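Computed from the coordinates by the stated procedures, all read-outs in this text should not be read as laboratory data. This is a predicted model, so every value here is computed, not measured. Every residue, glycine as well, gets a Cβ built from its backbone with ideal geometry; the counts of neighbours run over all protein chains shown.
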Amino acid sequence: MNLSKQITLVTGGSNGIGKQLAAQLVAKGAKVYITGRDEARLQSAVAETGAKGILADVSRAEDVDRTISEILADNGRLDILVNNAGFGAGWAELGDLNMDDMLKVYQTNVFGAAMMGQAAANVFKNQKSGNIVNIGSTASVKGYAKGSIYASSKFALRGLSQCWQADLRPYNVRVMHVNPSEVTTAFGKTDGISRPEASNKLRPKEIADVIVAHLEMDDRGFVPEVTIWATNPF
């Protein structure tokens, strides 16, 4: 795929992987929209990346519909959806899990991604073309202590990716699942400020590089799942 002029939506694009990916796609000539829940951070990301901002929360069905409708009204089509919005909370061992934490995480990481994927898929099926990139985690392939809520949400997203691959291949729609390991982002922080880079940790750039490379593969093929590890994080 030649990314020039491709209409692209990156959810959770205010910082971290989403912001970096938006910047790299814009540099490739794509027309990129990013969503975010915090208006100040969203507008800052718009200024940094050259993307167009849509204030929206993917956990809200009305925001999902409004986002897709706005993009279609502007362009008449959508070419790429990157389901990047997500967060972690409720780190606890079994026996101390909190249902409210589980619902909040699932509302964004699973239900929001599913509804955004469905809205995009309805466009892609009519077009007979499209791309969905779901940002998973190494937590979607291996659980860990106190990770019941977050890891299970990413396992669920991985399952969605596999189902969508089967659903959408007959429509020439590619669905890719990307599993970053530890990345120096604002993940798990409440202030939205990314952690400083560390020489032995992944940066958002490594994840964006992989996504861009996979999207640029000729449309006749796709990589269904890829995991990106830091070479020596210890």
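Database remark: amide H of Val82 closer than 5 angstrom to the amide H of Leu9, Val10, Thr11, Val133 (H placed geometrically; neighbours at sequence offset of 5 or more, or on other chains; Pro and chain starts carry no H). Available extension along the chain between Asp38 and Asn200 is 55.3 nm, counting 0.36 nm per residue and deducting the alpha carbon span.
At 0.36 nm per residue, and after removing the present C-alpha to C-alpha distance, how many nm does the segment from Ala27 to Val141 gain when stretched out fully?
In short, 37.9 nm is gained.
Only loop residues by DSSP count here, and only those with at most 16 other Cβ atoms within 10 Å; note down the chymotrypsin sites (Phe, Trp or Tyr not before Pro) in region 126-170 that meet that.
Answer by residue number: Tyr144.
Note on Phe87 and Gln118: the model spin-label points, each 7 Å out from Cα along the C-beta direction, lie 2.3 nm apart.
Computed on the chain, with alpha-carbon pairs under 8 angstrom and 6+ residues apart, the relative contact order is 20 percent.
What number, rounded to the nearest 500 deg cm²/dmol, is the helix-based mean residue ellipticity at 222 nm of the chain, given -39500 (n - 2.57) per DSSP H run of at least four residues and division by all its residues?
Details: 7 runs with 95 residues, N = 234.
Mean residue ellipticity at 222 nm (helix-derived): -13000 deg cm²/dmol.
Pairs over the 21 Å Cα-Cα cut-off, from the set Lys28/Lys205; Lys31/Lys104; Lys28/Lys52; Lys5/Lys201; Lys104/Lys125; Lys5/Lys52: Lys31/Lys104; Lys5/Lys201; Lys104/Lys125. Ignoring the sites themselves, the chain has its longest run without trypsin sites (Lys or Arg not before Pro) in a DSSP loop having at most 12 other Cβ atoms within 10 Å at 6-127.
Subtracting the Cα-Cα distance of Ala73 and Glu182 from their residue separation scaled by 0.36 nm leaves 35.5 nm.
To the nearest ten degrees, helix 204-216 and the longest principal axis of the Cα atoms of the chain are 40 degrees apart.
Nearest 0.05, what FRET efficiency do Asn98 and Arg60 give at R0 = 22 Å with Cβ-Cβ as r? That pair, Asn98 with Arg60, gives E of 0.55. Longest stretch of the chain clear of exposed loop sites (GluC sites (Glu not before Pro), DSSP loop, at most 16 other Cβ atoms within 10 Å, sites excluded): 1-92.
Projecting label points 7 angstrom from Cα along Cα→Cβ for Thr227 and Ala213 puts them 1.7 nm apart.
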